[in-house]
Amino acid sequence: MVEAFGHLIKIVIGPGFCLGCGTCVASCPFSVLELVDGKPTLKGRCEACGMCFNQCPQTADFKEVERHVFGRNATEGEVVGIYERSFSSKARDAGILVRCQDGGVVTALLAALLEKDFIDGAVVTGAPDLPWFPKPVVATTREDLLKCAGTKYSRGAISTGLRDAVDLYKCGRVAFVGMPCQIRAVRRMKSSTLAVYRLADAVRICVGIFCVEALPYEVFFKKVVEGQLGINLADVAKFDIKHGKFVIYRRGEPKRELDVGALRQFVDTPCKICFDFASDLADISVGAVGSPLGYSTVLTRTPIGEEAFELAKSAGALEVRPLKDVKPGIEAVKRLSLKKMREALEEIGRQQASGQPLPVAVESVSSAFKHET
Ligand SMILES: Cc1cc2nc3c(=O)[nH]c(=O)nc-3n(C[C@H](O)[C@H](O)[C@H](O)COP(=O)(O)OP(=O)(O)OC[C@H]3O[C@@H](n4cnc5c(N)ncnc54)[C@H](O)[C@@H]3O)c2cc1C
């Protein structure tokens with residue numbers, strides 16, 4: 001029996017596990033799916049081809065996908081996933097450093113990959129329409145990349161950007177930048193036996209960013225930041241999470257801070273059950289934790305990740321030190337990874353106790369992680 005959109009509604013969308021990544025929409029060969037208020041919606045006749053179900057990151061068997069990427073599963077000790085080398089790094093370009101979130105490694109890496117003709121374009125996340133509302137952007141120039149530097153703390157429909165990169169921009173070699181769940185979506189596409197190969201095969205490199213949790217745009221940014229705190233989102237220069245504080249930097253005004261713990265109430269179920277902090281399935285993972293302020297922690301995980309990072313380094317785009325030479329180093333990344341796994345397991349336990357069947361992505365790893373944590 002083909003598992004089609006009806007199954008996706010029953011198992012993922014209906015129970016509230018949909019990530020809104022847009023992978024099903026991007027891969028529907030009949031173009032009858034659309035995102036309405038961030039959720040996939042049928043706009044025509046479903047041909048029951050099963051493509052949407054088989055691309056959804058929530059129906060993926062995480063361990064199976066991990067084996068597809070690395071040829072094996074992470075061992076008990078590999079709590080930040082499988083990786084080759086770890087670095088603390090920073091962009092050398094002053095223009096990138098003023099716009100980036102941490103060390104600007106993601107933007108500098110992509111700019112170097114474009115310049116060296118390693119990729120034709122990059123699917124990144126900008127906020128072209130509404131302030132801080134994440135939307136996929138196909139970047140084909142350094143200027144495009146610069147406009148998308150910096151973190152938007154909500155999830156966007158990034159996979160529709162991959163469709164645009166391939167179908168509209170005719171990119172055959174794409175860098176895809178995403179949070180752990182979004183990288184899982186692309187890896188699911190690349191490992192599925194039923195896949196839209198024109199999209200999956202176009203992804204040359206997956207750059208994953210670290211992520212504890214995302215904050216829903218309407219619920220948090222509109223209602224809390226704008227509504228309750230009275231901060232116009234258009235006046236915000238940067239949002240950041242550092243040392244347990246969510247910091248709001250406003251242009252010409254004092255910064256505002258909220259305790260990160262207080263944000264948990266706004267986090268939705270797909271984030272609460274997510275156990276992947278360090279984008280374990282990426283070719284290269286980048287985050288702030290582990291490195292000094294203003295630097296990025298980089299984990300190169302696969303041969304293509306190593307090659308791309310070396311290319312950017314040798315092009316002079318990055319200042320690079322081994323992560324073991326800086327404080328707090330890899331132990332801090334491990335601590336956050338374990339914390340995220342523990343919290344996900346608690347939430348999974350709560351969901352199971354209420355009789356709620358869980359998506360395959362969660363089921364497949366929860367028993368393994370129970371063992372590890
Ligand atoms: C929701 C969220 C939570 C995070 N939590 C943590 C954390 O707890 N600890 C930690 O160390 N790091 C976290 N990060 C990652 C961190 O904020 C930086 O993205 C990372 O350190 C890279 O910094 P950079 O200066 O190299 O990136 P930059 O050069 O500034 O580039 C940032 C890149 O991130 C992409 N991006 C921005 N917003 C989004 C988004 N919403 N979805 C997908 N891609 C996006 C852009 O496309 C851009 O290419 C989080 C990121 C997100 C989106």
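What to note about this one:
- Failed criterion for C49 (all others in (1) open to solvent by 30 Å² or more (accessible area, probe 1.4 Å); (2) part of a helix (DSSP H, G or I); (3) not acidic (D, E) hold): (2)
- V177 vs. criteria open to solvent by 30 Å² or more (accessible area, probe 1.4 Å) and within 11 Å of the ligand (Cβ to nearest atom): no
- Qualifying residue in the range 142-154 (condition: within 20 Å of C56 (Cβ to Cβ), open to solvent by 10 Å² or more (accessible area, probe 1.4 Å) and of a type in the set (S, T, N, Q)): no
- Scanning the range 230-288 for residues that are among the aromatic types (F, W, Y) and buried (at least 19 other Cβ atoms within 10 Å of the Cβ) returns F239, F246, F275, F277.
Rundown of residues vs (1) open to solvent by 10 Å² or more (accessible area, probe 1.4 Å); (2) in the same structural domain as L145 (by TED's automatic domain parsing); (3) of a type in the set (A, V, I, L, M, F, W, C), yes/no style:
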| residue | (1), (2), (3) |
| --- | --- |
| G16 | yes, no, no |
| T23 | no, no, no |
| S27 | no, no, no |
| V32 | yes, no, yes |
| V36 | yes, no, yes |
| R45 | yes, no, no |
| T75 | yes, yes, no |
| E84 | yes, yes, no |
| A91 | no, yes, yes |
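- Failed criterion for A312 (all others in (1) within 16 Å of the ligand (Cβ to nearest atom); (2) open to solvent by 10 Å² or more (accessible area, probe 1.4 Å); (3) in contact with a helix residue (DSSP H, G or I) (Cβ under 6 Å, 6 or more places away or on another chain) hold): (2)
- Residue count for the range 97-138, restricted to those that are open to solvent by 30 Å² or more (accessible area, probe 1.4 Å) and either in a loop (DSSP other than H, G, I, E, B) or in contact with a Pro (Cβ under 9 Å, 6 or more places away or on another chain) (or both): 16
- Filter result for S159 (within 29 Å of D280 (Cα to Cα) and at pLDDT 95 or above): yes
- Criterion applied to R204, R184 was being open to solvent by 40 Å² or more (accessible area, probe 1.4 Å), in contact (Cβ under 8 Å) with a residue 40 or more places away in the chain, away from the ligand (no atom under 12 Å from the Cβ) and closer than 27 Å to S291 by Cβ, and the one residue passing it is R204.
Residue by residue, here is whether (1) hydrophobic (A, V, I, L, M, F, W, C); (2) out of contact with any Ser or Thr (no Cβ under 8 Å at 6 or more places or on another chain); (3) within 9 Å of the ligand (Cβ to nearest atom) holds:
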position: V69; (1), (2), (3): yes, no, no
position: V80; (1), (2), (3): yes, no, no
position: R85; (1), (2), (3): no, no, no
position: L110; (1), (2), (3): yes, yes, yes
position: D117; (1), (2), (3): no, yes, no
position: C148; (1), (2), (3): yes, no, yes
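- Test: L299 is within 12 Å of the ligand (Cβ to nearest atom), touching a residue at least 24 places away in the same chain (Cβ under 8 Å) and surrounded by fewer than 15 Cβ atoms within 10 Å (Cβ to Cβ): no
The values are calculated or read from the model by the stated rules, or taken from the named source; none is laboratory data. As the structure is a computational prediction, the values presented were derived from the model and not from experiment. Please note: Cβ atoms are built from the backbone with ideal geometry, for glycine as well, and neighbour counts cover all protein chains shown. Quick note on the areas: whole protein, heavy atoms, side chains included, nothing else; ligands and nucleic acids left out. Shrake-Rupley method; radii C 1.70, N 1.55, O 1.52, S 1.80 Å.
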